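No value in this document is a laboratory result; all are computed from the given coordinates. The model shown is predicted, which means the values in this text are computed figures rather than measured ones. Neighbour counts are summed over all protein chains in view; Cβ atoms, including those assigned to glycine, are modelled from backbone coordinates with ideal geometry.
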Amino acid sequence: MKLSVLDVLPVTSDRTPTEALQGAADLAVLADELGYERLWYAEHHGMGGIASAVPELLIAHTAPLTKRIRVGAGGVMLPNHAPLRVVEQYRTLAALHPGRIDLGIGRASGTDPVTARALRAVGGGEFAQSLTELLTFDGPGHPANHPYGRVKVTPEGVPLPPMWMLGSSGGSARIAGQLGTGYAFAGHFAPVPAAPAVQAYKASFRPSEHFPEPKVILALSVIVGPTAEEARELSSTFEMVLRSMYTGQVIRGMSPADCRAAGWHPSQPLSASGPMGRLLIVGDPTQVRERIEDVAKAAGADEVMAMTIVFDPEARHESYRMLAKAFDLQGV
């Protein structure tokens, strides 16, 4: 099975946003060396525990530092952006790094309503309209009598990289199928089964240049430790952040010791059928591999993209190392 990495650049109680941004290069180089298929950066705004707001800048920063791994957006939240600007940005990246860039497109804004309105002041409109406009700019262009008929896209002669539609519902899945894009299911934050959306995608799929057949990525939250107990200890940071988000709070990840001092400690094993168990795969390498294989098979996924949020950056890197070894990835 192909494995990939989703990086949201976690900000913790002892790690500033600047430090999180500067650490992106270390994870990118590591993922490349370990043999991960691709590395995507999320777009989130106004979240104190996440520093990933501008994927295209992170792509431009890390792609030159890596050798073979695909680097992309997971994804561009299209309602926040002018479609022409997205086309020009990702054509430029594709020209600079041929065959190594991905473009994930999301329907949501990735933030709260007030911040979304501020972003849309210079961004796009309704999703369907914006997506049509994006595809038209990348394709034959608008008719001569259209207001944008004279617009020339820069750089010319460079097609957009492979496009993936992101989502957690049948709506996004059917759009992906009809357009012949890849489909990436957001299982790292959507505690619902992926299979119905994946089935809708495959049922509506029409072959395209980049995707002659349907391709599905399943994003999952994954934490690997040397032992199951150590993995559960590491997971307390992510679990506390996740639960705080559900209650409308914005906090930075705390260390496992500080989580305990605040009255939170995950002392019980996660139930795979419970809400947190559906969102988070935790354990030693063998346990995590078995659980990922089961979830991916049930979803009908071709690839799993792991998001790992723990307090210590080195523990995060080690989690990715153990995951790569568990799946026998072949590094450079």
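Size of the stretch 151-196 from its Cα atoms: along the principal axes, largest to smallest, the extents are 42, 21, 16 Å.
Amide H contacts of MET305 (H built 1.01 Å from N, in plane; Pro and chain starts excluded): SER4, LEU218, ALA219, LEU220 sit under 5 Å, all sequence-distant by 5 or more or on other chains.
Contact order for the chain, expressed relative to its length and based on alpha carbon pairs under 8 Å spaced 6+ residues apart, stands at 19 percent.
Mind pulling the angle between the C-alpha long axis of helix 127-138 and the longest principal axis of the chain? Nearest 10 degrees, somewhere in 0 to 90. Result, in degrees: 60. Among LEU279, LEU103, LEU6, the order by Cβ neighbours within 10 angstrom, fewest to most, reads LEU279, LEU6, LEU103. At the listed q of 0.13, 0.23 Å⁻¹, the Debye profile of the stretch 106-211, built from one uniform point per Cα, gives log10 I(q)/I(0) equal to -0.61, -1.25. Sequentially through the stretch 196-212, phi angles give Karplus couplings (6.51, -1.76, 1.60; θ = phi - 60°) of x, 5, 4, 5, 5, 5, 5, 5, 9, 5, 10, x, 9, 4, 7, 10, x Hz, Gly and Pro residues having no value and appearing as x. Close amide-amide hydrogen proximity is noted between VAL76 and GLY104, ILE105, GLY106, each under 5 Å apart and 5 or more residues distant or on a separate chain (H modeled in the peptide plane; Pro and chain starts excluded). Label the stretch 159-261 by shape, choosing from rounded, prolate and oblate, from the square roots a ≥ b ≥ c of the eigenvalues of the Cα gyration tensor; if a/c is under 1.5 it is rounded, and otherwise prolate applies when a/b is larger than b/c, oblate when it is not. Taking the square roots of the gyration eigenvalues as a ≥ b ≥ c, the stretch 159-261 is prolate.
The Cα-based radius of gyration and maximum Cα-Cα distance (Dmax) for the stretch 48-154 are 14.8, 47 Å. Of the three principal axes defined by the Cα atoms of the chain, the extents in descending order read 65, 38, 36 Å.
The phi torsions of the stretch 313-323, fed into the Karplus equation with coefficients 6.51, -1.76 and 1.60 and a -60° offset, translate into couplings of x, 5, 5, 5, 4, 5, 4, 5, 4, 5, 5 Hz, rounded to whole numbers, with Gly and Pro shown as x. Here is the tail figure for the stretch 1-73: Cα pairs spaced more than 14 Å apart come to 55 percent of all pairs. The three principal axes of the Cα atoms in the stretch 293-332 give end-to-end lengths of 33, 25, 13 Å, sorted in falling order. Dividing the mean sequence gap of close Cα pairs (under 8 Å, 6+ apart) by how many residues the stretch 159-257 holds gives a relative contact order of 22 percent.
Backbone geometry of the stretch 9-21 corresponds, through the Karplus equation with coefficients 6.51, -1.76 and 1.60 at θ = phi - 60°, to 3J(HN,Hα) couplings of 6, x, 10, 10, 5, 10, 9, 6, x, 4, 5, 4, 5 Hz, x marking Gly and Pro.
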